Amino acid sequence: MSIRLRLILWHSTVFFVGLVAFAIVVWIGTRSVVYNDTDTWLVRQAAGLDQFLRMETHGTDQAAVVEEAREFSTGLPQGSGIRLFDRNGVPLYSQPDTAITGAAAEPSSLIHNGTPLRMVHRRVTVAGQEFQFAMWRSLEESEEALNDLRFVLLMMIPVFLVASVGGGWVVSRRALRPVDEITKAARRISLQNLSSSLPVPSHKDELQRLCEAWNEMLHRLDVAAGRLRQFTADSSHELRTPVAFIRTTAELALRHPRSEEDYRDAIRKIRDKSSELTGIIESLMELARADAGQTGLSFALLDVGELVTEIRSEVEPFTGQKNLAWAVRPPSQELSVMGDRGALRRVLLALLDNAMKFTPASGRIELRASAASNEVVVEVEDSGIGISDQHLTRIFDRFYQVDPARSGGGVGLGLPMAQWIVQAHSGRIEVISDLQHGSIFRVFLPSAATRV
Ligand code: ADP
């Protein structure tokens, strides 16, 4: 059931109940006013007749009393009358001629010859003799007026109800028209045109706020989709280069018969490029998993000193090749973190790989670990080319490289991957760098003692 129909149904039901209640109140109120007026008149006239009979009657016989009653009745309006009785209820006089009887002192209703009446009954003592009289007034005219009123009220209900349903239909249609437009516009939006926005109604109402919120969300989705597109494009681009290299190397080797040494050389190049390719694919997969919210990490208590020592021996041959001074300072006390050993190793190796790549021969690289309040800090310091402030803010972006020519096979995924892993450990990476003098990358991890 549409909102419009529900609104109209609710509003019409409430309106209908209100109208019926109004009609009932008006009807009962008017009727009681009419009856009260009639009763007040009757009581006043009865008191008048009572006084008239007592004051004006000269003599003691019934004829004199009847005469006074007759005289009084000449002043009564059309539709009213009196009937006089002796003390035993024997009728003496009636104007107009009716057979009305009754004994209620309070005004009461009765129907006489099909005519509704109000009547009072009184006893009066005139010159020592008791008489009774009934005084009445017809309600015929009042009832007719009340019937007319009832007709008007009954007619009013359907007329107003139809008007209210019609009005509700028009108003709700106008109020909800933007919803249809928004629905149509929203249906047209897909991944390809996330940058288009919904029409925002100009009235400052709920719909305007809803559309604004939708547009903000569309903008966020557009930015995210743009990043994803860029990531996919960059990834394919970065994968194409090593694959092309591998294919070209293989094709060249196969073109003519060659010496064993040449073949070995080609295969070695293919092997190196393949391992580079494997590294890129692993980083891409890791980041894709991170985007999908799957960490794939398994946490265990691990000794930071052990990790540092392990990495020392792994990196040593490479620093030797480049004639770099390589210093490792394991923590002076036992430090442990809850972490994924493999992932944290990848972080440190990525930082050390960068340090080696961007530090000229005879430079110095240092790996050290220490404790700082509730955290464990692992630092990789180099005396390399450093990073200018302008690039410092961007080096954690995917595929970002200050100078791709100097990146030695990297594709700009090492730092984003390292940052993601550290963040998945509730830690953070900070970097301070001095152009031409070197950089320090600091990895902060919550100390295992502080983890719950
Ligand atoms: P890559 O694998 O290409 O090195 P990273 O994401 O690891 O990608 O690093 C991004 C960029 O940050 C590098 O291309 C380099 O320009 C800069 N960078 C990273 N580490 C260092 C460092 N220790 N010294 C100087 N520049 C660095």
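The values are calculated or read from the model by the stated rules, or taken from the named source; none is laboratory data. All values reported here derive from a predicted model rather than from experimental measurement. So basically every Cβ, Gly included, is an ideal-geometry build from the backbone, and we count neighbours across all protein chains shown. For the accessible areas, the whole protein counts, side chains as well, though only heavy atoms, and no ligand, DNA or RNA atoms are used. Shrake-Rupley method; radii C 1.70, N 1.55, O 1.52, S 1.80 Å.
Quick one: accessible surface of Asp205, probe radius 1.4 Å, all protein chains present, in square angstrom to the nearest 10. Spelled out: Asp205, probe radius 1.4 Å, area about 40 Å².
Taking the Cα centre of the chain as reference, the dipole from Cβ charges on Lys and Arg (+1) and Asp and Glu (-1) amounts to some 1480 debye.
Seen against the Cα atoms of the chain and their longest principal axis, helix 3-56 is set at about 20 degrees. Between 0 and 90 degrees, the angle of helix 260-291 with respect to the longest Cα principal axis of the chain falls at about 20 degrees. What the pair-distance distribution of the range 77-174 shows, using all Cα-Cα distances binned every 10 Å from zero, is 14, 30, 18, 12, 10, 9, 5, 2, 0 percent. Summary of packing: across the peptides 344-356, 366-378, the per-residue average of other C-beta atoms within 10 Å ranks them, highest first, as 344-356, 366-378.
If you keep only loop residues by DSSP, which trypsin sites (Lys or Arg not before Pro) in the range 230-326 have at most 15 other Cβ atoms within 10 Å of their Cβ?
Answer by residue number: Arg258, Lys322.
For the range 110-214, the set of trypsin sites (Lys or Arg not before Pro) satisfying both a DSSP loop assignment and a count of at most 13 other C-beta atoms within 10 Å is given as Lys204. Seen from every direction in turn and averaged, the convex hull around the alpha carbons of the chain projects onto 45.8 nm². Counting only residues at least eight positions apart within a chain, or on another chain, the lysines with an alpha carbon under 27 Å from that of Lys357 are Lys269, Lys273, Lys322.
What does the highest-first list of 108-116, 72-80 look like by mean Cβ count within 10 Å?
Listed from highest to lowest mean packing, they are 72-80, 108-116.
Helical runs (DSSP H, four residues minimum) scored at -39500 (n - 2.57) apiece and divided by the length of the chain put the mean residue ellipticity at 222 nm at -19500 deg cm²/dmol. Over the range 206-291, with every protein chain in place, what whole percent of the accessible area is carbon and sulfur at 1.4 Å, could you tell me? C and S atoms contribute 59 percent here. Is the range 261-328 best put as rounded, prolate or oblate by its Cα gyration tensor, with a ≥ b ≥ c the root eigenvalues, rounded for a/c under 1.5, and otherwise prolate when a/b is larger than b/c, oblate when not? Taking the square roots of the gyration eigenvalues as a ≥ b ≥ c, the range 261-328 is oblate. Could you state the angle between the C-alpha long axis of helix 304-321 and the longest principal axis of the C-alpha atoms of the chain, as a value from 0 to 90 degrees rounded to the nearest 10? Computed tilt is about 50 degrees. Most tightly packed first, judged by the mean number of other beta-carbon atoms within 10 Å of their residues, the peptides 437-444, 297-304 read 437-444, 297-304.
The convex hull defined by the C-alpha atoms of the range 191-319 has an orientation-averaged projected area of 15.2 nm². A DSSP coil position with no more than 14 other Cβ atoms inside 10 Å describes the following GluC sites (Glu not before Pro) in the range 308-358: Glu334.
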